[in-house]
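Everything on this sheet refers to the single structure shown next.
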C-alpha cells in the first residue's frame, strides 16, 4: 500500500500538448511534446487508438514531471500523461478549466 509520503514524491503538473507525431516503431504510441511553462518535455503515450493528433494538440493534461526517463521502442519518454482506462478506451486526465502551465496538482 502506498503512503501519503509516497504520493508526495510525485510531481504532478499541468502541461499543454504542443505537438503530436506517430511513434516510428509502434502503431499504438504517440510521441508528444509538452509545454510545462518553464520547460518542454517529450513523452511517449499509448493513446493513439483513442485520440487523433488534432484532438490532442492544445489540450491541457496532467503529467508526472519527475518520472525517470525511459526508452520506449527506441524513443525517450521524459514523463507520463495521466489517463484512465475502461471498456470504452482511454481518456487523458485534463483540468476542467484552463490552468497556468506548470501548475502543481496536489
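The values are calculated or read from the model by the stated rules, or taken from the named source; none is laboratory data. What you see is a predicted model; the values in this text were computed from it and never measured. So basically every Cβ, Gly included, is an ideal-geometry build from the backbone, and we count neighbours across all protein chains shown.
Surrounded by 19 or more Cβ atoms within 10 Å (Cβ to Cβ) and under 14 Å from the mean Cα position of the chain (by Cα), is that true of residue 20? If you could, list the steps in order and put the result at the bottom.
Values: surrounded by 19 or more Cβ atoms within 10 Å (Cβ to Cβ): yes; under 14 Å from the mean Cα position of the chain (by Cα): yes.
Here the answer is yes, as residue 20 does meet what is asked.
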Filter result for residue 105 (over 17 Å from residue 18 (Cα atoms), over 10 Å from the mean Cα position of the chain (by Cα), modelled with pLDDT of 95 or more and surrounded by 16 or more Cβ atoms within 10 Å (Cβ to Cβ)): yes
Residue check, residue 71 surrounded by 14 or more Cβ atoms within 10 Å (Cβ to Cβ) and assigned to a strand (DSSP E or B): no
Qualifying positions in region 26-60 - surrounded by 15 or more Cβ atoms within 10 Å (Cβ to Cβ) and in a strand (DSSP E or B): 30, 31, 32, 33, 34, 35, 41, 42, 43, 44, 45, 60
Test set (1) part of a loop (DSSP other than H, G, I, E, B); (2) touching a residue at least 12 places away in the same chain (Cβ under 8 Å) - residue 63 fails condition number: (1)
